[in-house]
Amino acid sequence: MTTLPASSDPAPTVSTQTLCRLAWPIIVSNISVPLLGLIATSIIGHLPDARYLAAVTIGVTLFNFLFWGFGFLRMGTTGMTSQAFGRRNDSQMRLLLAQSMLLAGTVGIALLVLSPWLIPLGLNLLGNTPDIASLAHDYAMIRIWAAPAVLINYVLLGWLLGRQQARQAMWITIANNVISIIGMVLWVGYWDYRSSGAAWATLIADYATLGLSLFLIYRQLRKMSGALPLAPLARLPAYLALLRVNGNLFIRTLCLLFAMSFFTAQGNRLGSTMLSANGVLMELVMLVAFAMEGFAQAAETLTGQAVGARRWDAFGATVRTCARLALLTAVLACLFFWTGGPWLIGQLTDIESVRDTARHYLPWVAVMPIIAVWSYLFDGVFIGATDAKAMRDTVMLSVVFYLACWWLTQGLGNHGLWASFMLFMIVRAGGLAVLYAYRRRHQWSDNVA
């Protein structure tokens, strides 16, 4: 990343109140995502056959890979928009929105076209077993039609966050999850469509949410100055900065999703009960991860604004404040899992074998937040600074350690799998912390010429 000189303007302070005002809507919206997963798991988990829960677990993992693999559309848009916001350049923000939407729509259509090959391949790579193969395939073939809506919505959310419109992003996410929950109750609980019903509920919610997002974006654009420069939309070189950031984020996200998918696939090879138990535990991990990422996403917008305004002291103040609040959240999460984890598992499934297995491996989940919090925090910092290369390199190194540990601990079964995943998080957080310290001294500082 190119080092920017410091601004001559007085640097703004970043108070805890300022950060919380931005972070709390993000936290609420983020928590609503895994809460939807918990509710879906609870609804499917109370069906009489564990195959439905296993099929949805496989299907959700596949779309985590397909859709979240393009999560760079949200992150890259947030980082670059927040820097343009710091420069107060409305025309550039309009251009970033249009470019990112065109890119997202193109990718979404490509996924639809390729789905007859992608879905069977993805299910096979996840270790799809014969007893759940048909159910998982039916789920996937319905859910894939949401691709354009999901990816464009990533861009719209990222743009709103980059402009510090966290409350509007919150309402969009909550609306998506409320519609999904209502659909889940109807399609699965009332109309008894089971695993395919979960896919229909999510599909309908994704397109309804896209409509809401476009309406809110339209209202934002009416309030902004400047105009959309049309010429760059037709010139490939105008996309290079966006593609460069998004390309590194894409590789980084694929590595993260590989780690998650590998975890699911190895759990599947240990049997459907172990797969379902790990799926329940991962819902708990994601619940806390999304909460802690509220501060990380606040860091994205505030550090990006500081970079755009060339205010490195505000940059450092943002990171310190985010770190304190994120650590507090992680400690509270650890205490919550130690005390309330067994009860929560019992609410998610009444399949006794799955419940007992999940409780046996719960200690791994209970210590996860205190380890993982630092990777979430530094992700936000590096996204705001649009230093995606550092994120790419650290996660690739983490995957190497992850696979090596899994290879050496296969004899430990599911405990070895959880230990490998824990090491993955440790290496990822440690690598980003070291790079942050280096960048802060040599690049992200007012003292650098």
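Annotation: Lys223 carries an accessible surface of approximately 150 Å², with a 1.4 Å probe and no ligand, DNA or RNA atoms counted. Residue-normalised convex hull volume from the C-alpha trace of region 248-318: 89 Å³ per residue.
Tell me the angle of helix 16-45 to the major Cα principal axis of the chain, expressed in degrees between 0 and 90 and rounded to the nearest ten. The angle comes out near 20 degrees.
For region 291-449, taking Cα atoms only, Rg and Dmax work out to 18.4, 64 Å respectively.
Dividing the summed helix terms, -39500 (n - 2.57) for each DSSP H run of n ≥ 4, by the number of residues in the chain produces a 222 nm estimate of -29000 deg cm²/dmol to the nearest 500.
Here the label points at Ala98 and Leu221, each 7 Å from Cα along the C-beta direction, are separated by 0.9 nm in the simple model.
Would you please give the FRET efficiency between Asp356 and Gln410, computed as 1/(1 + (r/R0)^6) with r the Cβ-Cβ distance and R0 = 22 Å, to the nearest 0.05?
Numbers: r = 23 Å, r/R0 = 1.04.
Plugging the Cβ-Cβ distance into 1/(1 + (r/R0)^6) gives 0.45.
Between Arg320 and Asn124, the FRET efficiency from the beta-carbon distance, with R0 = 45 Å, is close to 0.45.
What is the dipole size for the chain, taken about its Cα centre, with +1 at each Lys and Arg Cβ and -1 at each Asp and Glu Cβ, in debye to the nearest 20? Mind dumping the intermediate values first?
Values: 29 positive and 18 negative charges, 294 e Å.
Once rounded to the nearest 20, the dipole reads 1420 debye.
Across Asn414, Asn176, Asn153, mean-square fluctuation computed from a Gaussian network of the chain (C-alpha pairs under 10 Å connected) peaks at Asn414. Volume per residue for region 387-426 equals 43 cubic angstrom (convex hull of Cα atoms).
Below 8 Å, C-alpha to C-alpha, sequence gap of six or more: please give me the relative contact order for region 55-203 in percent.
Values: 160 pairs, mean separation 52.1, N = 149.
Reported relative contact order: 35 percent.
Net charge in the neighbourhood of Leu435 (other residues with Cβ under 14 Å of its Cβ; Lys, Arg +1, Asp, Glu -1) is +4.
Placing +1 on the Cβ of each Lys and Arg and -1 on the Cβ of each Asp and Glu in region 301-449, which of Gly340, Phe401, Leu327 has its Cα farthest towards the positive end of the resulting dipole? Projecting each Cα onto the dipole axis, the largest value belongs to Leu327. Count Lys and Arg as plus one, Asp and Glu as minus one, and take only other residues whose Cβ is under 12 Å from that of Cys322; the net charge is then -1. With the simple model of a label 7 Å out from the Cα in the direction of the Cβ, His442 to Ile109 spans 4.4 nm.
Helix 90-125 and the longest principal axis of the C-alpha atoms of the chain enclose an angle of approximately 20°.
Rg and Dmax over the alpha-carbon atoms of the chain stand at 21.4, 67 Å.
The values are calculated or read from the model by the stated rules, or taken from the named source; none is laboratory data. In this text, all values refer to a predicted model and were calculated from it rather than measured experimentally. As a convention, Cβ positions derive from the backbone with ideal geometry for all residues, glycine included, and neighbour counts pool all protein chains shown. Side chains are part of the model used for accessible areas, which takes the heavy atoms of the whole protein and leaves out ligands, DNA and RNA. Shrake-Rupley method; radii C 1.70, N 1.55, O 1.52, S 1.80 Å.
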